[in-house]
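The values are calculated or read from the model by the stated rules, or taken from the named source; none is laboratory data. Just so it is clear, the model here is predicted, and its values are computed rather than measured. Note that each Cβ is placed from the backbone with ideal geometry, even for glycine, and that neighbours are counted across all protein chains shown.
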Ligand code: GLN
């Protein structure tokens with residue numbers, strides 16, 4: 001996918017970020033154990049960030065933001081435990097590091113996976129999710145949703161836009177805590193949320209040309225970097 005943004009566009013974006021002095025780069029760790037991490041890395045480059053692929057505990061130093069991609073949440077959870085990365089990831093998020101999670105990433109970030117209560121999750125985002133709520137891979141679809149843009153700071157005005165939402169074996173958010181803001185709905189289904197430093201979508205923005213969510217993450221990470 002990502003045919004919309006030409007390879008020239010990406011080459012330029014990658015070059016710009018890579019030519020930026022290391023200490024000025026905004027480093028966003030992209031969980032790269034499995035799944036759609038490459039598409040997130042490209043989208044992050046296009047948004048101006050330096051993506052850092054995370055496969056071990058050693059990769060998790062000196063980061064300013066995090067991205068949890070889609071894929072298979074059961075496999076990711078297993079590998080996170082095996083590679084001793086789960087606690088560190090939870091710790092970074094709990095300390096306020098900005099995180100953007102999609103699909104399986106949303107499942108990982110949640111506090112409860114309905115029907116899979118023994119599946120390991122980070123228990124950070126105050127939502128309960130239901131896996132595979134939109135059917136199997138072959139039932140994947142794209143639908144334009146009216147969404148509320150993720151809020152960057154408390155002073156931000158609320159803005160809405162039309163977003164091309166790609167659903168691939170997507171989860172649905174079934175319950176939300178009182179501090180969780182709904183960013184996208186489809187009928188009565190909750191599909192994107194924000195809680196403090198966390199934004200999560202059931203759909204896949206990294207497979208579209210719309211960089212709204214990756215830009216949110218980049219800007220939040222830039223702010224977060226300034227704190228240290
Ligand atoms: N259904 C997958 C899971 O439960 C998520 C699918 C996706 O990330 N596209 O992990």
Consider the stretch 49-59. How many of its residues are part of a loop (DSSP other than H, G, I, E, B) and surrounded by fewer than 19 Cβ atoms within 10 Å (Cβ to Cβ)?
2
Of all residues in the stretch 195-210, which are part of a strand (DSSP E or B) and surrounded by 21 or more Cβ atoms within 10 Å (Cβ to Cβ)?
198, 199, 200, 201
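Please work out if residue 200 is modelled with pLDDT of 95 or more and in contact with a helix residue (DSSP H, G or I) (Cβ under 9 Å, 6 or more places away or on another chain).
Values: modelled with pLDDT of 95 or more: yes; in contact with a helix residue (DSSP H, G or I) (Cβ under 9 Å, 6 or more places away or on another chain): yes.
Yes: the conditions hold for residue 200.
For residue 127, are the conditions met, namely being within 20 Å of the chain's Cα centre (by Cα), part of a strand (DSSP E or B), free of Cβ contacts under 8 Å to residues at least 60 places away in the same chain and under 20 Å from residue 188 (Cα atoms)? Show your work before the answer.
On the way: within 20 Å of the chain's Cα centre (by Cα): yes; part of a strand (DSSP E or B): yes; free of Cβ contacts under 8 Å to residues at least 60 places away in the same chain: no; under 20 Å from residue 188 (Cα atoms): yes.
Criteria not met by residue 127.
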What number of residues within the stretch 43-70 are farther than 25 Å from residue 84 by Cα and in contact (Cβ under 8 Å) with a residue 60 or more places away in the chain?
6
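Among 181, 196, 187, 220, which is the only one that is touching a residue at least 12 places away in the same chain (Cβ under 8 Å) and on the phi > 0 side of the Ramachandran plot?
196 is the lone residue from the list that is touching a residue at least 12 places away in the same chain (Cβ under 8 Å) and on the phi > 0 side of the Ramachandran plot.
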Qualifying positions in the stretch 124-146 - surrounded by 13 or more Cβ atoms within 10 Å (Cβ to Cβ) and at pLDDT 95 or above
124, 125, 126, 127, 128, 129, 130, 131, 145
Tell me which residues, restricted to the stretch 67-102, are more than 10 Å from the ligand (Cβ to nearest atom), part of a helix (DSSP H, G or I) and either within 14 Å of residue 121 (Cβ to Cβ) or in contact with a strand residue (DSSP E or B) (Cβ under 6 Å, 6 or more places away or on another chain) (or both).
78, 79, 80, 81, 86, 87, 89, 90, 93, 94
Take the residues in the stretch 9-41 that are touching a residue at least 60 places away in the same chain (Cβ under 8 Å) and part of a helix (DSSP H, G or I); name whichever of them is surrounded by the fewest Cβ atoms within 10 Å (Cβ to Cβ).
39
Residue 62 fails exactly one of (1) within 14 Å of the ligand (Cβ to nearest atom); (2) not in a helix (DSSP H, G or I), namely (1)
Give me the residue from the stretch 103-113 that is farther than 11 Å from residue 198 by Cα and within 12 Å of the ligand (Cβ to nearest atom) and, out of that set, surrounded by the most Cβ atoms within 10 Å (Cβ to Cβ).
107
Given the criteria farther than 17 Å from residue 206 by Cα and either touching a residue at least 60 places away in the same chain (Cβ under 8 Å) or more than 16 Å from the ligand (Cβ to nearest atom) (or both), does residue 172 qualify?
no
